[in-house]
1. Could you pull out every residue, at least 5 positions away or on a different chain, whose amide H is within less than 5 Å of the one on ARG253? Hs are placed 1.01 Å off N in the peptide plane, and Pro or chain starts have none.
2. Net charge near GLU81, counting Lys/Arg +1 and Asp/Glu -1 over other residues with Cβ under 14 Å of its Cβ?
3. I'd like to compare 123-130, 67-74, 206-213: which one has the highest average count of other Cβ atoms within 10 Å, and what's the full order after that?
4. Measuring from centroid to centroid over Cα atoms, what is the spacing of segment 82-102 and segment 167-225 in Å?
5. Say the cut-off is 24 Å between C-alpha atoms; which of LYS128/LYS207; LYS123/LYS207; LYS190/LYS298 go over it?
6. Charges at C-beta only: +1 for Lys and Arg, -1 for Asp and Glu. How large is the resulting dipole of segment 86-216 about its Cα centre, in Debye rounded to 20?
7. Multiply the residue gap between GLU281 and THR75 by 0.36 nm, knock off their C-alpha separation, and tell me the result in nm, one decimal place.
Amino acid sequence: MKNKIIGLIIVGIVLLITCSFAIRSASNSVQAVSTKISRSEKNKENPNRVESAGEYKEKSVLQDVFSNVRYFSLTDTYDYEDDSTLKNGMCMELEDSVSENQFLSYFFKESPENVMVEDNKSKVYRGKENDKDVFVAIINGEENQEYPKFAYGFKYSTSDSVIEAKYDVSKKGEEIFDAIYSLDGTKYPKADFIKPLSDNQEKTYFKNDKNENVKVDYRADPYGEGCYRDSGEVFFDKKGRPWYRDYYMTSGRGFSYYLYNEDDELTQYINFGGMAYKGLEENQDIAIGVDFETYIFK
């Protein structure tokens, strides 16, 4: 009798072990199916991404449709204990032609000849000095007055830029601003700010005698749009393209420029302004350490 009881106990233990393995195997099977379904759904949500080493990356085929957007922030290179870095971003109120030429001398060894765009509101110089790109904008003040003007100048190197996003090269004109994507395939979060105008702004257009757009004033709710975009002006070039934006920001005025090549393709977006960090030691009329960033489309 004693031997029968011991035998029954052993049989019970064996059955318990067998059931435990069966349950564990079924659990792993369910988990594997769940993982496959989850990954399959992710691929449906974003067909431009494929599984690789447990992560989702861009398909190489996108390289045939999209080109790089490179980004550089001069502000990130500033050492606020070293004026030599802050001198790469300057601003000054110009009272006359003497002060204008003085400001330009900080960026060009000789009198600049490369005036890229000029209208009754702004004049832009671009060039190269000591292997650095130079961008200088002279912005007019009161209408019908030659002075005062406001000057901003920057030295930077596009070779220091990094790939920030991608854009659809098949898009032309202002369509390009709605075709900028982050490297993971999602919409680039700063695309709406790069875009000259947004849909929820109230706009007032000004035209010339040929019925061509010259500029547009815009206003928007600062709670919805943010104080960087709630009011400003966008000016158009002779081809009707947006090329200059003057807007309000909490630390002063902000400015944006849209640069194009001979084929009317957008090649660069430049944004700068706000409050400078300090005055130049040898000339307190000039402020240094001005915020500057640029996006390069190539």
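Each value in this text was obtained by applying a stated rule to the coordinates, not by laboratory testing. Keep in mind the model is a prediction, meaning the values are calculated, not measured. Cβ atoms come from the backbone with ideal geometry, glycine included; neighbour counts cover every protein chain shown.
1. GLY274
2. So the surrounding residues net to -2.
3. So the peptides 123-130, 67-74, 206-213, ranked by packing, come out 67-74, 123-130, 206-213.
4. Distance between centres, Cα-based: 31 Å.
5. Distance filter (> 24 Å) returns LYS128/LYS207.
6. 360
7. Net length gain for the segment: 72.2 nm.
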